[in-house]
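Notes for the one structure printed next.
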Amino acid sequence: MKKVITYGTFDLLHWGHIKLLERAKELGDYLVVAISTDEFNQVKHKEAYHSFEHRKLILEAIRYVDEVIPESDWEQKIQDVQDHDIDIFVMGDDWKGEFDFLKDYCEVVYLPRTNGISTSKIKDDLS
Ligand code: C2G
């Protein structure tokens with residue numbers, strides 16, 4: 001079984017997130033999504049509208065997602081890859097190059113971001 005992992009806040013879930021999750025799942029058989037905790041979002045200078053628990057509930061309902069775990073710091077990725085027997089690490093290409101250190105532990109894939117949508121655009125359009 002080929003296992004894939006990806007990380008993110010996934011707030012105000014939108015079709016750009018869904019297309020990322022869909023393509024990540026296509027790379028393997030099992031997709032783990034590490035969702036940033038509310039505390040880690042503060043470290044990322046992000047404030048999610050939905051709490052961690054609610055973002056987790058929503059992600060667990062997505063057909064492409066097999067497991068949701070918390071992302072509580074920048075340093076956990078190597079351990080996560082080892083603990084979950086991950087074969088492929090996936091992120092949108094706005095992160096291109098940032099996680100190449102993981103190439104010693106698994107395949108690293110950066111997928112093109114979906115243009116025209118983002119959580120901040122949703123917030124701006126609604127405000
Ligand atoms: N994404 C995308 N297209 C968009 C918006 C987001 O492909 N229009 C992707 C991002 O590239 C990322 C994922 O969806 O791979 C989640 O996006 P965010 O929730 O914004 O994640 P981010 O805050 O970048 O957190 O340790 C990594 C961080 O936790 C990443």
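Couple of notes before you dig in:
- Condition check for V90: within 8 Å of the ligand (Cβ to nearest atom), out of contact with any Cys (no Cβ under 9 Å at 6 or more places or on another chain), at negative phi and part of a strand (DSSP E or B): yes
- Region 1-37, residues that are closer than 14 Å to L59 by Cβ, of a type in the set (D, E) and surrounded by fewer than 23 Cβ atoms within 10 Å (Cβ to Cβ): E22
Per-residue answers, yes or no, for (1) within 11 Å of the chain's Cα centre (by Cα); (2) closer than 21 Å to G116 by Cα; (3) in a strand (DSSP E or B); (4) more than 10 Å from the ligand (Cβ to nearest atom):
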position	(1), (2), (3), (4)
D11	yes, yes, no, no
K19	no, yes, no, no
A24	yes, yes, no, no
I69	yes, no, yes, yes
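- Residue in region 94-113 that is surrounded by the fewest Cβ atoms within 10 Å (Cβ to Cβ), counting only those that are part of a helix (DSSP H, G or I) and within 7 Å of the ligand (Cβ to nearest atom): D94
- Test: residue in region 87-98 that is without any contact (Cβ under 8 Å) to a residue 12 or more places away in the chain, touching a helix residue (DSSP H, G or I) at 6+ places or on another chain (Cβ under 9 Å) and over 18 Å from T9 (Cβ atoms): no
- Any hit, region 56-65, residues being within 13 Å of the ligand (Cβ to nearest atom), part of a loop (DSSP other than H, G, I, E, B) and within 17 Å of K2 (Cα to Cα): yes
- Number of the exception - I122 against (1) surrounded by 14 or more Cβ atoms within 10 Å (Cβ to Cβ); (2) over 13 Å from the mean Cα position of the chain (by Cα); (3) more than 12 Å from the ligand (Cβ to nearest atom): (3)
- Which numbered condition I69 misses (of (1) surrounded by fewer than 17 Cβ atoms within 10 Å (Cβ to Cβ); (2) out of contact with any His (no Cβ under 8 Å at 6 or more places or on another chain); (3) farther than 17 Å from K2 by Cα): (2)
No value in this document is a laboratory result; all are computed from the given coordinates. Keep in mind the model is a prediction, meaning the values are calculated, not measured. Positions of Cβ are backbone-derived with ideal geometry, glycine not excepted, and every protein chain shown enters the neighbour counts.
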